[in-house]
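Let me begin by presenting the structure, written as structure tokens, before commenting on it.
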There are 4 protein chains.
Amino acid sequence: MVQEPMFDIAQLAHIEIYSPKLEESVAFFKDILGMDESHREGKSVYMRAYEDHYHNTLIITEHHEAGLGHIALRTTSEQALERRAAAIEALGCGIGWIDGDVGHGRAYQFRTPDGHKIEILWDVDYYEAPEAERTPLLNRPQRRPNRGVPVRRLDHINLLSKETDKNMAFLQEALGFKVRERIVADDDSSIAAWLSVSNLVHDIAIMGDGMGESGRLHHICYWYGYPQHLSDVADLLIERGYDIEAGPGKHGVTQAAFLYVLEPGGNRVELFGDPGYQIFDPAWKTIEWKGKDLEKAIIWHGSNLPQEFFNYGTPARTGELIK
Amino acid sequence: MVQEPMFDIAQLAHIEIYSPKLEESVAFFKDILGMDESHREGKSVYMRAYEDHYHNTLIITEHHEAGLGHIALRTTSEQALERRAAAIEALGCGIGWIDGDVGHGRAYQFRTPDGHKIEILWDVDYYEAPEAERTPLLNRPQRRPNRGVPVRRLDHINLLSKETDKNMAFLQEALGFKVRERIVADDDSSIAAWLSVSNLVHDIAIMGDGMGESGRLHHICYWYGYPQHLSDVADLLIERGYDIEAGPGKHGVTQAAFLYVLEPGGNRVELFGDPGYQIFDPAWKTIEWKGKDLEKAIIWHGSNLPQEFFNYGTPARTGELIK
Amino acid sequence: MVQEPMFDIAQLAHIEIYSPKLEESVAFFKDILGMDESHREGKSVYMRAYEDHYHNTLIITEHHEAGLGHIALRTTSEQALERRAAAIEALGCGIGWIDGDVGHGRAYQFRTPDGHKIEILWDVDYYEAPEAERTPLLNRPQRRPNRGVPVRRLDHINLLSKETDKNMAFLQEALGFKVRERIVADDDSSIAAWLSVSNLVHDIAIMGDGMGESGRLHHICYWYGYPQHLSDVADLLIERGYDIEAGPGKHGVTQAAFLYVLEPGGNRVELFGDPGYQIFDPAWKTIEWKGKDLEKAIIWHGSNLPQEFFNYGTPARTGELIK
Amino acid sequence: MVQEPMFDIAQLAHIEIYSPKLEESVAFFKDILGMDESHREGKSVYMRAYEDHYHNTLIITEHHEAGLGHIALRTTSEQALERRAAAIEALGCGIGWIDGDVGHGRAYQFRTPDGHKIEILWDVDYYEAPEAERTPLLNRPQRRPNRGVPVRRLDHINLLSKETDKNMAFLQEALGFKVRERIVADDDSSIAAWLSVSNLVHDIAIMGDGMGESGRLHHICYWYGYPQHLSDVADLLIERGYDIEAGPGKHGVTQAAFLYVLEPGGNRVELFGDPGYQIFDPAWKTIEWKGKDLEKAIIWHGSNLPQEFFNYGTPARTGELIK
């Protein structure tokens, strides 16, 4: 018998990004993506989408350059949190415990081999809608905003990394992520990998950093689920002067209907416009794309990806296209 | 610390339904829903949707009346199968092991308190598309059929039950299902419950049997994920003489865009037309609908449900509306 | 050879409705349907949708009760305006010329046999977007609003009438409307009729008034063209306390994906959620629905129409359901 | 007063294309686009979409190379046919009357300045569905096919031309077409023009021939009206080995959601996936795209157009990309 899978991590809980243009970034997520501000403290603004159940899923922190602050993963139990913290501590990549932050309790922080900061946590604060924002749709934490083309929930994060395989292995071993799809080089090393602990094809993706850097962010993604909304938000973006990097189009990998846009701080944001597909098979065999199949992996149909998509990340580097 | 959740069951793997009109039932799933026949043996036809990865997800068996044959759940590991089989055996509701069936290996069978037959299994056969049916979309097991408005995958099953709470508790305790939503009576007993082991809102639902019967089937559900397809398939159904029971419309419960139709054998089939919402929160608090909220629970917008929806199940009973 | 068709009327140009709750009505069209206020004068507010090219397509005038103010039709030329005015004058139902109103030049006013006031006009003012509202999509008069689920353009009007056939004949003979579809009684009289001068199935519809009244309004309709937007706007309406009368659903007549809602002043507003079908055939033979076909005429699939739909009009009458 | 507009031409009635691979071309329109064969005679196959009301809208004729056979326009009356025939005869570009063809009566044929063959006609045969193909949706001439992703109706044709302005002027003067949109060179000459006699933005488009040839075809277009269908048909096309040239994407010009594919005979076929916008204004001022606006004219969002799109036409020429 093979070893049983690990079930200690439940989900991607929130993401902190850095922005050199805090108010413009907040306005983008608020006015175009219909997100709400939950809280402000210090240099950080806490936000959430209207079907996010927690206090916040996005923290935007003012910083001299764009990039990733940290990623938070929620465990499946308090015990699982202790187990994972101990295991990661033993791996020698731990930073240590923090008492908590706005919206959650104590958390254990660490770095991936590539240097991306992750925290794992169990206790979370739930969003409580004020009376005026409540909805008779009881499984929705607040009514649909009347502003922009509102995203529904946080979906995933995509990290640039110097060594895809090393970081992929870390997520598998330390956290129980499963590798759902891979783009594979001739030597069978991973050019990119899509991993999840949930039925989604990915909660976290890792792509090789075209600039050879470490610790950078490729994109964060919020979810619509309906293809029409990509077309709707494209109108808003174009007509309000935002620059769509690519999309609407459909990836072969993950079957995602995508649109990529740079938020004013410089971070790339993906909007996910259809349900994609989901994985329920507990013994899922990693989908491997290589050679002649690669073209369809990247674009199944619609918009192409510009060269910038494969190089640009945040923080941006000299010699790289910066908007 | 509260007890850790159980992770032994991974998914709904397949369903067997009975039909007194085998060939007409098969034609419905094939010509309208674009499903393929994987195998025939004895009085049974094995079928699957084009994004179902296993050998089959639907078995239609000729029988003197419509109804449920059995439900198969796949465990998360071989060890989990042994654990669950032992635990259910201990509960005294086991039927016993079978060596396997077309498409899967040994399975442990048992009955819910209401008498619905379930089997749990680990070994499955994967569908291997013949050369002509392969697709460059490597995460799709075969190309999209050119027939009907093809469903993508099995979604869930909805069981009628004499005692909702008792059967709900069984699924929780014996199998680790979590109760995602409930329709609640004044005495806090459950009129209906939606349960899952996955990020879906439900893999199995249980509704009180309006006729006071045991072991009946309310419906099985296949998934589109795209709202347009409900409109498309409604054209096919109406223009080919099938009787749509309700829909397209949208439930509050599960946020599902639904269409219900009786297949020729008499079993109700739901087609799920949008992504609904998903649950990633490991400490999800059951959504409870009652009193004034009930109307929106049942219909958020669009088509109403006829009285038949609340009474009719298979096998049909005297005094009940039978088509 | 049969007589050549008349081409003097080009389109439905604007509609004036009455509201006893002016500001609430304006807020509905502005916040939910994303329309803009073009002008205010006296007791009237002039509005337009973002793809309406003229200065206004909707005038809401404060009045002690809801109902229709007037309908404006634009002719295909200045000469056509003179011809139609003379012809209608000769029919004895003319009111006379007015010098113009906000957004258009001189117009000839008259009443249909049922008493609905219509004006025909040629000179119109075009909407000129301020710099900040311009769009690089040059065939769109302004950028898409970032508010509500914005309707794109005025579509049609539906009038209640004491005698459908008489009013239908008037529109045909005096204005060149063609009868596209009819609901027909046993004696071949028209219960309802859909007429157009354009490729739309109807610019004006006439339905028998269930209360036996004259001159009332059944509904006005704005157009989305995309089915998803009915689902989106339904969320906004339900969660902001508006009462959806019916929909989303699909009519057989006109193949329209519909949603009906009463605006705060009490007038019924239809939102048209798909392209329906269009008529290019210059010798189109009226589609006639009767007997067993009627059920599918009214509802092809989805939401049913409540009894209120067949009785309620504005101004509302005693004994009639009034919200 | 300006001169009144001409209303003699009602619509695009049918198109004949040439194919060197007749059966493969027919199979494409039948199996992928769900069209039906109405008739076969000599080297020609007559086809129609399921919401086309006439006997046929597409004729595919076997020929040694791909290209345009002829275009048929239906007049608004018998008198209009006589008037147009006389006027065109007077212009000296007439070919003469024919007695009729399968599906229509006598027609007057002529050539545009660029050499494209057009016929105008009044008498048409309507499609009569056999009993089994009838639908209770009485405004639909037959039930929706259960094959492919069926197109609904013929939409428009796009012609390559040596001199856009000359041919545009011919369509305006000889036939009463109105110029809805233009792509304009620095000297104000037209690079491309979209013209219509209906409320559609174009029934016929003319684009400059990149190879400097005369009389070639750029594409024919069938209509879906629903964006989802472009995504659906893209699956079928890719997985059955057809090569999508571009799309799904959205043009600024006409606001069309497009997908372009070469049918097996080599002719380009556009599938129109949304309702676009329509023109009801009888004094529509031509939309003119030039300079910095051009990029958005061609692609509003989504898929780009490859260089081939601007050069390739049928019959293909040496030095040109031929599939």
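For (1) modelled with pLDDT of 95 or more; (2) surrounded by fewer than 21 Cβ atoms within 10 Å (Cβ to Cβ), each residue gets a yes or a no:
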residue	(1), (2)
C:ASN158	yes, yes
C:MET168	yes, no
C:GLY176	yes, yes
C:VAL197	yes, no
C:MET211	no, yes
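Yes or no, residue by residue, for (1) crowded, with 22+ Cβ neighbours inside 10 Å; (2) farther than 17 Å from D:ALA205 by Cα:
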| residue | (1), (2) |
| --- | --- |
| D:VAL253 | yes, no |
| D:ALA256 | yes, no |
| D:PRO264 | no, yes |
| D:ASN267 | yes, no |
| D:GLY276 | yes, no |
| D:ASP281 | no, yes |
| D:GLU288 | no, no |
| D:GLY302 | yes, yes |
| D:PHE310 | no, no |
field: Pair list, Cβ < 6 Å and 6+ apart or interchain, from segment C:286-299 residues that are within 8 Å of chain D (Cβ to nearest Cβ) to residues that are in a helix (DSSP H, G or I)
entry: C:TRP289/C:ALA297; C:ALA297/C:VAL253
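Quickly run through segment B:235-289 and pick out the residues that are acidic (Asp, Glu) and in contact with a His (Cβ under 9 Å, 6 or more places away or on another chain). Spell out how you get there, then give the answer.
Step one: filter segment B:235-289 for residues acidic (Asp, Glu), giving B:235, B:239, B:243, B:245, B:263, B:270, B:274, B:281, B:288.
Correct list: B:ASP235, B:GLU270, B:ASP281.
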- prompt: Any idea how many residues of segment B:90-108 are touching a strand residue (DSSP E or B) at 6+ places or on another chain (Cβ under 8 Å) and charged (D, E, K, R)?
  reply: 2
- prompt: Do you know which residues across segment C:165-212 are over 16 Å from the mean Cα position of the chain (by Cα) and aromatic (Phe, Trp, Tyr)?
  reply: C:PHE170
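Any chance you could count how many residues in segment D:19-41 are surrounded by 20 or more Cβ atoms within 10 Å (Cβ to Cβ) and either in contact with a Cys (Cβ under 9 Å, 6 or more places away or on another chain) or acidic (Asp, Glu) (or both)? So that I can check it myself, show each step before the final result.
Going residue by residue through segment D:19-41, those that are surrounded by 20 or more Cβ atoms within 10 Å (Cβ to Cβ) are D:19, D:25-26, D:28-29, D:32-36, D:38.
From what's left, either in contact with a Cys (Cβ under 9 Å, 6 or more places away or on another chain) or acidic (Asp, Glu) (or both): D:36.
Of the residues in segment D:19-41, 1 are surrounded by 20 or more Cβ atoms within 10 Å (Cβ to Cβ) and either in contact with a Cys (Cβ under 9 Å, 6 or more places away or on another chain) or acidic (Asp, Glu) (or both).
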field: Failed condition for A:TYR46, given (1) over 11 Å from A:GLY103 (Cβ atoms); (2) in contact with a His (Cβ under 6 Å, 6 or more places away or on another chain)
entry: (1)
field: strands (runs of 3 or more DSSP E) lying entirely in segment C:12-82 (those with 2 or more residues that are aliphatic (A, V, I, L, M))
entry: C:44-48, C:58-62, C:67-75
field: Residue list for segment A:286-306, restricted to those being more than 20 Å from A:ASP187 (Cα to Cα) and among the charged types (D, E, K, R)
entry: A:LYS296
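Specify which of the listed residues (B:GLY176, B:GLY247, B:GLY212, B:GLY208) is of a type in the set (Gly, Ala, Ser) and in contact with a Gly (Cβ under 9 Å, 6 or more places away or on another chain). Can you show your working first?
Details: B:GLY176 fails: in contact with a Gly (Cβ under 9 Å, 6 or more places away or on another chain); B:GLY212 fails: in contact with a Gly (Cβ under 9 Å, 6 or more places away or on another chain); B:GLY208 fails: in contact with a Gly (Cβ under 9 Å, 6 or more places away or on another chain).
Selected residue: B:GLY247, the only one of B:GLY176, B:GLY247, B:GLY212, B:GLY208 that is of a type in the set (Gly, Ala, Ser) and in contact with a Gly (Cβ under 9 Å, 6 or more places away or on another chain).
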Count of segment B:131-156 residues which are surrounded by 21 or more Cβ atoms within 10 Å (Cβ to Cβ), touching a strand residue (DSSP E or B) at 6+ places or on another chain (Cβ under 8 Å) and without any contact (Cβ under 8 Å) to a residue 40 or more places away in the chain: 1
message: Restricting to segment A:83-121, count the residues that are of a type outside the set (Val, Ile, Thr), in a strand (DSSP E or B) and surrounded by fewer than 19 Cβ atoms within 10 Å (Cβ to Cβ).
response: 6
task: Check segment D:259-277 and report whether any residue there is over 19 Å from the mean Cα position of the chain (by Cα) and modelled with pLDDT of 95 or more.
output: no
query: Since D:LEU58 meets every condition but one in (1) within 12 Å of another protein chain (Cβ to nearest Cβ); (2) in contact (Cβ under 8 Å) with a residue 60 or more places away in the chain, which condition does it not meet?
result: (1)
- prompt: How about segment A:178-195: which of its residues are within 27 Å of A:GLU82 (Cβ to Cβ) and either surrounded by 24 or more Cβ atoms within 10 Å (Cβ to Cβ) or of a type in the set (A, V, I, L, M) (or both)?
  reply: A:VAL179, A:LEU195
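Hey, could you check segment B:1-38 for residues that are within 30 Å of A:TRP122 (Cα to Cα) and touching an Asp or Glu at 6+ places or on another chain (Cβ under 7 Å) and say which is farthest from the other protein chains (Cβ to nearest Cβ)?
The initial filter retains those residues of segment B:1-38 that are within 30 Å of A:TRP122 (Cα to Cα), namely B:1-12.
After this cut, where a residue has to be touching an Asp or Glu at 6+ places or on another chain (Cβ under 7 Å) as well, the list is B:1, B:11-12.
Working: B:MET1: 5, B:GLN11: 4, B:LEU12: 8 Å.
Restricting to residues being within 30 Å of A:TRP122 (Cα to Cα) and touching an Asp or Glu at 6+ places or on another chain (Cβ under 7 Å), the top hit is B:LEU12.
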field: Flag for B:GLU263 being closer than 26 Å to B:SER190 by Cα, of a type in the set (Asp, Glu), more than 14 Å from chain D (Cβ to nearest Cβ) and in contact (Cβ under 8 Å) with a residue 60 or more places away in the chain
entry: no
message: Please determine whether any residue of segment C:107-122 is farther than 30 Å from D:MET1 by Cα, small (Gly, Ala, Ser) and either within 9 Å of another protein chain (Cβ to nearest Cβ) or touching an Asp or Glu at 6+ places or on another chain (Cβ under 8 Å) (or both).
response: no
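The values are calculated or read from the model by the stated rules, or taken from the named source; none is laboratory data. Because the structure is predicted, anything quoted here is derived from the model rather than measured. Ideal geometry is used to build each Cβ from the backbone, glycine not excepted, and the neighbour counts take in all protein chains shown.
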